[in-house]
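This report concerns only the one structure given below.
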Amino acid sequence: MSVRLSATRVLTAILKHEGSLATSLPVQLEKLPESEHSLLRQLCYGSMRYYPQLQLLAEQLIPKPLKRKDLDVQALVLLGLYQLAHLRIPAHAAISETVQVTAKLKKPWAKALVNGVLRNFQRQQAVLDEQLSVRQEFSRAHPKWLIKALRQAWPEQANEIMAQNNAQAPMSLRVNRLRGNRDDYAQQLQQAGIDFELCRFSSDGITLAQPKDVNQLPGFSEGLVSVQDEAAQLAAALLAPEPGERILDACAAPGGKTCHLLERQPELSHCLALDMSELRLGRVRQNLDRLALDCELLRADAAAADWWDGQPFDRILLDAPCSATGVIRRNPDIKYLRQAKDIATLAHLQGQILRNLWPMLKPGGRLLYATCSVLPQENAEQISAFLADQADARELPLEADWGIACSAGRQLFAQPGGHDGFYYALLEKGSA
């Protein structure tokens, strides 16, 4: 199968809202030889990273809008424009290989269209770039609603936030402290010729100079190390469970934070990992098994209480469903899939879950609220509203050398070669 045909199918699923990079790309990777995996990922991630820019170009170059049934042709045009604008593939090869896909799509009529669009872009690129550069969604490669939201929330940081969203995300590791320490594992990486830096804020974290296949990492299959961003690694230390405690990881999948909690505190009396998706819970189980860890897994809705046995928890981790605007560089299809109206819906759900879980926390217990969002509506505003309504809740200030203090909690922004965008707030329940 052609790598560009595979990329077109991934992008078409996204454009039709029938999939995402996370769900559609693995299906196509299985159909290609491993030697083509890198190019497929580059084509798919790059096309979605620059989607707002590429779509504006396509609108200028396609004579009339394509119908929904021809979104595969739209995807192919975006793919071709991405190659010409952002990759070093020779233009003649990029155009030729892309145009050939029209036959495999069984749309011979599209051959002239795709060829014409790409060749016109070649001729007019400088003029088009100049004309469209006045539009921020073109120059910043972000949707208009998100540019507005970022500028309103973070006027000083917005440009850097968007720049990092358009960058390649680093690959960070979390050393399993039950199987060794970070210094020992760093030596193993050195011996394997893998360049890295120790994470600044996570005592278990290491960031690789270049991403690696996990099978190339010393001891990965034996559970010595896991892949996890440094910002996400901060959760376990902030929640700080004690021996004998009963903890809940709500919205737990894929299980990175669950596993880290168990690595940091192996003497818990009980650990419950909750998620609505049976498929995603399967990923939690896979991670637990590889690390030789165990906890109770339960498919249930964190916004409901019908699953709770009435026994309160000492600690609750709520990694709430969110816009994921702090991890766009890892999930660039967010720029297309997420809409402005989604934020209020997500904020309502977050508040619902938070208020539902609070009665399940013991007096004197702690709840850590986390998102991978950079939007205050989901973060500081959410927690401030909860504190105003909940008389027995108080915020424990996070004295940290990472992120910035907000009206409630702390906000991290994605860093060059460092952690992702994330938000944390730690709440304590008043004693009875």
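The values are calculated or read from the model by the stated rules, or taken from the named source; none is laboratory data. Quantities reported herein were computed from a predicted structural model and do not represent experimental measurements. Cβ atoms come from the backbone with ideal geometry, glycine included; neighbour counts cover every protein chain shown. Quick note on the areas: whole protein, heavy atoms, side chains included, nothing else; ligands and nucleic acids left out. Shrake-Rupley method; radii C 1.70, N 1.55, O 1.52, S 1.80 Å.
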Net charge near A370 (other residues with Cβ under 10 Å of its Cβ; Lys, Arg +1; Asp, Glu -1) is 0
In this structure, the FRET efficiency calculated for K144 and Q352 from their beta-carbon separation, with R0 = 41 Å, to the nearest 0.05, is 0.90
Excluding ligands, DNA and RNA, the carbon-plus-sulfur percentage of the accessible area of the range 39-135 with a 1.4 Å probe reads 51 percent
For the chain, the Cα-Cα pair-distance distribution in 20 Å bins from 0, as whole percents, is 24, 53, 22, 1
Candidates H17, H260, H270; GNM for the chain (alpha-carbon contacts under 10 Å) flags as most fluctuating H17
For the table K16/K64; K64/K111; K64/K148, the rows whose alpha-carbon distance is greater than 26 Å are K64/K148
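Given 20 °C and 1.002 mPa s, compute D for the range 317-432 with the Stokes-Einstein relation, Rh being the Kirkwood radius over Cα pairs; round to the nearest whole µm²/s. Intermediate results must be reported in sequence, preceding the final value.
Values: Rh = 14.6 Å.
The Stokes-Einstein estimate is 146 µm²/s.
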Placing each pseudo-label 7 Å from Cα in the direction of the beta carbon, E156 and K106 end up separated by a distance in nanometres of 5.9 nm
Taking alpha-carbon centroids only, the range 341-414 lies from the range 276-290 a number of Å equal to 26 Å
Taking the alpha-carbon centre of each part, the distance from the range 418-432 to the range 151-226 in Å is 22 Å
Once the in-chain neighbours fewer than 8 apart are removed, the aspartates and glutamates whose Cα is under 20 Å from K341 read E18, E137, D333, E378, E381
Across S24, S277, S35, the residue with the highest GNM fluctuation in the chain (Cα network, 10 Å cutoff) is S35
Label model pair A93, E428: point-to-point distance (7 angstrom along the Cα→beta-carbon line) in nm is 6.2 nm
To the nearest Å², the heavy-atom accessible area per residue of the range 106-220 with 1.4 Å probe amounts to 57 Å²
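Could you calculate the contour length gain from H86 to Q190, that is, 0.36 nm times the residue separation minus the distance between their Cα atoms, to one decimal place in nm?
34.1 nm is the gain from fully extending H86 to Q190.
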